[in-house]
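The structure appears right after this line, and notes come after that.
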Amino acid sequence: MEASNVRVTIDADKCIASGSCVLAAPEVFTQDDDGIVVVLQEAPPAHLQDQARQAMRACPAAVIWLEDS
Amino acid sequence: VSSVQSVVIVGAGAAGLSVAQSLRGEGYVGRLTLLGDEAELPYDRPPLSKQILAGSWDPERARLLPEDRIRTLQADLRLGASAAELDTGAHEVTVSDGSVVGYDALVVATGIQPRQLPRENSAGAHVLRTMADSLRLRSMLSRSPGARLVIVGAGFLGLEVAATARRLGAEVVVVEPLERPLENRLGAFAAARLLALHQSNGVRVLTGTAIESVTGHPNTVQPECDGPHLVRLTSGAVFEADALLVAIGCSPRLDWLAGSGITVSDGVVCDEFCKAAADVWAAGDVARWLHPGLDKHIRLEHRTNATEQGRAVALNILGAQRPFRPVPFFWTDHYETKIQVSGFLPAGAKCELAEGSLTADSFVQTFWQAGILVGVLGWNAARSMTKFRRTLMSAQDATSVPETNERS
């Protein structure tokens with residue numbers, strides 16, 4: 001298994017359900033029935049970190065963070 | 001390899017901050033100056049008509065970045081400082097405090113400002129663009145439950161405020177000159193349904209009529225204490241209001257560019273790379289750029305566009321040479337209803353029901369032109385919309401998030 005050096009954190013209460021994170025990183029994020037962000041992989045492996053970072057940038061409500069762990 | 005050593009971003013809203021974050025994210029290590037004309041740390045505007053106005057969020061909650069993350073940008077963030085003058089020849093911006101900043105690349109991200117009614121009718125009237133505006137209106141509405149609020153303009157902002165004000169107990173009248181507002185933004189069906197939603201929540205929506213006059217004793221020193229106003233409509237109706245909100249749209253903030261040689265026409269006119277002139281770029285609400293998919297200049301006042309265009313500008317400053325070709329996306333929230341639109345809903349497009357039922361609480365409509373999917377509207381259908389957005393992006397052969405080789 002690939003090691004992960006980053007951790008995804010979200011502030012779901014601020015999520016506006018744009019789905020932009022899912023479009024950018026479908027393996028890291030999904031949406032609940034109301035469209036609110038759900039994290040699939042809190043510690044994404046290296047090959048998903050670029051798309052996770054894209055999702056962070058794309059979020060129009062700035063609710064996604066990638067932290068070095 | 002880019003030779004840019006100094007970037008000046010004028011405007012510290014969502015677009016300006018997106019440029020800054022993307023530059024640093026791409027490894028730019030040069031000078032970065034960010035001018036913000038408000039005193040607050042950079043904040044997000046969509047909550048101003050919703051959570052901030054409702055009082056469910058403290059102002060800090062609307063910040064675009066926590067303070068420690070702003071520090072990691074290593075930007076010279078100058079708050080309360082606006083750009084006064086641009087000298088493109090000397091590559092210098094004169095700041096309102098008199099200082100002069102040189103640039104290799106300049107980004108205009110000054111956004112927009114609310115339009116006003118003629119002065120005789122707008123003394124003491126509220127507008128809603130800044131955090132201070134929102135807190136002022138909130139203060140008035142929360143101090144006087146049952147206050148009579150007249151909102152001029154049945155656009156997204158006016159109607160979002162109407163929804164929030166109803167929840168705060170205000171009596172709300174919306175005055176709108178158009179007979180059928182928002183049809184050009186939502187299509188005929190959803191526009192009518194949105195007005196009906198407001199009516200069923202007790203908002204009086206008066207369409208096809210305009211403000212004739214506003215009289216009273218407005219206190220322009222403390223606008224929140226004004227009223228009652230006597231509001232007279234062109235239809236002949238007359239009523240009293242404790243507060244007036246003018247929400248009739250915005251215009252780009254361009255004054256400081258006068259004499260700079262930058263082409264402005266309802267926005268900073270840019271090419272498909274969001275470039276306005278040599279070493280000058282524009283992003284966000286203020287930018288009117290050549291959309292390569294549409295082959296015409298457009299300007300979008302969408303929150304998502306601010307982020308995406310800011311990122312596109314950052315990449316192009318660093319030499320990407322990539323046309324900015326987004327599939328637009330916006331949302332608007334009213335009571336428990338969330339409306340989302342992606343793509344374009346041109347007049348005359350063929351509209352089809354794609355999911356749900358038009359009489360139900362959730363549906364998706366697709367808009368077609370010459371057999372091509374050009375737009376999608378979701379009514380309480382956020383999860384489905386993601387799927388349709390993906391389809392729309394491939395239909396229009398465009399990506400809403402510019403590709404990148406970014407490494408942290």
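Laboratory data are not the source of any read-out in this text; all were calculated from the coordinates shown. Just so it is clear, the structure is predicted and the values come from calculations on it, not from any experiment. All Cβ positions, glycine included, derive from the backbone under ideal geometry; neighbour counts span all protein chains shown.
Structure summary
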| item | result |
| --- | --- |
| C-alpha center-to-center spacing [region B:253-327, region B:354-372] in angstrom | 31 Å |
| Gain upon complete extension [B:Asp104, B:Ala84; 0.36 nm per residue less C-alpha separation] | 5.4 nm |
| Per-residue Cβ neighbour rank within 10 angstrom, fewest leading, B:Ser384, A:Ser18, B:Ser82 | B:Ser82, B:Ser384, A:Ser18 |
| Cβ-derived FRET efficiency at R0 60 Å, B:Asp279 paired with B:Thr207, nearest 0.05 | 0.80 |
| Region B:133-162 and region B:13-70: distance between their alpha carbon centers, rounded to Å | 24 Å |
| Calculated FRET value between B:Ile298 and B:Arg180, using beta carbons and R₀ = 30 Å, to 0.05 | 0.85 |
| Antiparallel bridge percentage (DSSP; both residues within region B:224-329; nearest 5) | 75 percent |
| Order of B:His198, B:His91, A:His47, B:His229 under a 10 Å beta carbon neighbour criterion, fewest first | A:His47, B:His91, B:His198, B:His229 |
| Max mean-square fluctuation residue, GNM over chain B, Cα-Cα springs under 10 Å, options B:Ala105, B:Ala192, B:Ala165 | B:Ala192 |
| Count of lysine pairs in chain B with Cα separation under 27 Å (8 or more residues apart, or interchain) | 7 |
| Computed lengthening from B:Lys387 to B:Cys351, 0.36 nm per intervening residue step minus Cα-Cα distance | 11.2 nm |
| Test item: Cα-centred dipole of region B:82-170, Lys/Arg +1 and Asp/Glu -1 on Cβ, debye | 980 debye |
| Under Karplus coefficients 6.51, -1.76 and 1.60, residue-wise ³J(HN,Hα) of region B:30-44 in Hz, glycine/proline x | x, 5, 9, 10, 10, 9, x, 7, 9, 7, 6, 4, x, 9, 8 |
| Point-to-point label distance, B:Asp266-A:Asp32, nm (Cα→Cβ direction, 7 Å offset) | 4.2 nm |
| DSSP-defined beta bridges in region B:8-116 - what % are antiparallel, rounded to 5 | 45 percent |
| Selected from B:Val101, B:Val175, B:Val269 as most flexible by GNM, with chain B as the system and alpha-carbon contacts under 10 Å | B:Val101 |
| Footprinting exposure proxy for A:Cys15, B:Cys351 (fewest neighbouring C-beta atoms within 10 Å first) | B:Cys351, A:Cys15 |
| Estimated FRET transfer efficiency (A:His47, B:Ile372; beta-carbon r; R0 30 Å; 0.05) | 0.30 |
| Local electrostatic count at B:Arg148 - Lys and Arg +1, Asp and Glu -1, tallied over other residues with Cβ under 9 Å | -3 |
| Region B:158-290 - percent relative contact order, Cα under 8 Å, separation 6 or more | 15 percent |
| Rounded to 5, the percent of DSSP beta bridges in the protein assembly as shown classed as antiparallel | 65 percent |
| Computed magnitude of the charge dipole of the protein assembly as shown (debye, nearest 20; Cβ of K, R +1, Cβ of D, E -1) | 640 debye |
| Selection from B:Gln21, B:Ser251, A:Ala58 lying farthest towards where the dipole of the protein assembly as shown points positive, charges on Cβ | B:Ser251 |
| Gain on full stretching of the segment that runs from B:Ala395 to B:Glu120 - 0.36 nm per residue minus C-alpha separation | 94.0 nm |
| Degrees, to the nearest 10: A:46-58 long Cα axis against longest axis of chain A | 30 degrees |
| Around B:Ala287: net Lys/Arg minus Asp/Glu count, Cβ-Cβ under 12 Å | -2 |
